[in-house]
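Encoded as C-alpha cells, the structure appears first; notes follow it.
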Amino acid sequence: MSKIDPTARIADGAVIGAGTEIGPYCIIGPDVVIGENCKLIAHVHITAQTTIGDGCIIYPFVSLGTPPQSLSYRGELTRLEIGKGCTIRESVTMNAGTVAGGGVTRVGDRGYFMNCAHVGHDCQVGNDVIFATSATLGGHCEIGDFVFIGGLSAVHQFTRIGPQVMVGGVCGVRGDVIPFGLVNGQYAVLEGLNIIGMKRRQFTKQRLATVRSFYQQLFHGPGIFAERLASVQPLAGEDPAIAEILAFIDGGKHRALCLPADGN
C-alpha cells in the first residue's frame, strides 16, 4: 500500500506503485507512472509522461519531466523515462524529450544524481552513472554506462560520452569522449584512460597493458590522427575494449572527437 502525505497533490490518472511514499507538498501530474517502493521525500514535482522505476529515492525540490528547454518545443506531451534504483538529490532537473528528438529522454538504472544536476531533453543516459553536483547535460547527449561526471561540468548538446568515462570537475566537454577515457581541463582534453574505473570492472593487468598500448599508438604515435586510426584497426581483435573504442569513433555524428592537448 502506498503512503501519501495529505498535503501532496496527485492528479487523476497518475499511477503510484505499491509501497511508494509520497511526502509533503509533492505534485504529481496525470500522466506520471511511479514504480514500487519509491520514496519522494518532499516538494517533488513530476509532470509530462514520466515513468520512474522501482526503488528510486527522490529528494526535495527535484523537478522531473518539465518541458524541454528547446525553442522548437510547442507544448507537445512527451516522455521522460527513469530506471530502477536511482537516487536523485536536491534540486535535480530532468526534462522531457522533444518531438524532433524522438520524444523521449531516458535515464538508466541505479544512477546517482547529486544536487542541482541536469539532464537535458532527448538525452540517453546509461546505467550506474554518477553525476556530481551541478553536472549538466545539454540536449541530445548520449552517456554510456558507469560514467562519472565531475561537479560543475557541462556537456555540450549532441555530445557522446562512452561507457566507463571519467570527466573531471569544472569541465566544458565539447567533443565525443572515447569509452574508458579520462578527460579534464576547462575545455576538456583527453588525459588518458580511466584506469581506476577499468580495475573496478575487473580488467586484468594484461588487459590493461593491451589497451594502454593501443591508446598510446592511436593518440601519441607518429603521424596525423587519421593515419594512426587506420593503422590500429587490425588491433580490434586483441581486446573487446579496443573494438568498443574503434566502433565508438566510427559512430561519430555531430561532434569532433575529444583528443589529447597535443593531438593532431
Exercise. Take region 92-119 and flag every residue that is under 12 Å from residue 69 (Cβ atoms) and within 10 Å of the chain's Cα centre (by Cα).
Key: 118, 119
Exercise. Could you tell me whether region 67-78 includes any residue that is within 21 Å of the chain's Cα centre (by Cα) and assigned to a strand (DSSP E or B)?
Key: no
Exercise. Within region 92-128, track down each residue that is out of contact with any strand residue (DSSP E or B) (no Cβ under 7 Å at 6 or more places or on another chain) and closer than 16 Å to residue 154 by Cβ.
Key: 115, 116
Quiz item: Hey, residue 49 hits all of (1) modelled with pLDDT under 95; (2) buried (at least 17 other Cβ atoms within 10 Å of the Cβ) but one; which does it fall short on?
Solution: (1)
Practice problem: List the helices (runs of 4 or more DSSP H) that sit entirely inside region 175-264 and contain at least 1 residues that are within 19 Å of the chain's Cα centre (by Cα). | Solution: 195-200, 240-250
Practice problem: Would you mention how many residues in region 159-174 are in a loop (DSSP other than H, G, I, E, B), free of Cβ contacts under 8 Å to residues at least 60 places away in the same chain and on the phi < 0 side of the Ramachandran plot? | Solution: 4
Quiz item: Hey, does region 118-131 have a residue that's in a loop (DSSP other than H, G, I, E, B) and under 24 Å from residue 8 (Cβ atoms)?
Solution: no
Self-check item: Residue in region 190-203 that is under 22 Å from residue 123 (Cβ atoms) and among the charged types (D, E, K, R) present
Solution: no
Self-check item: Boolean, residue 183 is closer than 19 Å to residue 142 by Cα and of a type outside the set (S, T, N, Q)
Solution: yes
Quiz item: Of all the residues that make up region 145-158, how many are in a loop (DSSP other than H, G, I, E, B) and in contact with a strand residue (DSSP E or B) (Cβ under 6 Å, 6 or more places away or on another chain)?
Solution: 3
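The values are calculated or read from the model by the stated rules, or taken from the named source; none is laboratory data. Computed from a predicted model, the values in this text were never measured in an experiment. Glycine gets a Cβ as well: all are built from the backbone with ideal geometry, and neighbour counts include every protein chain shown.
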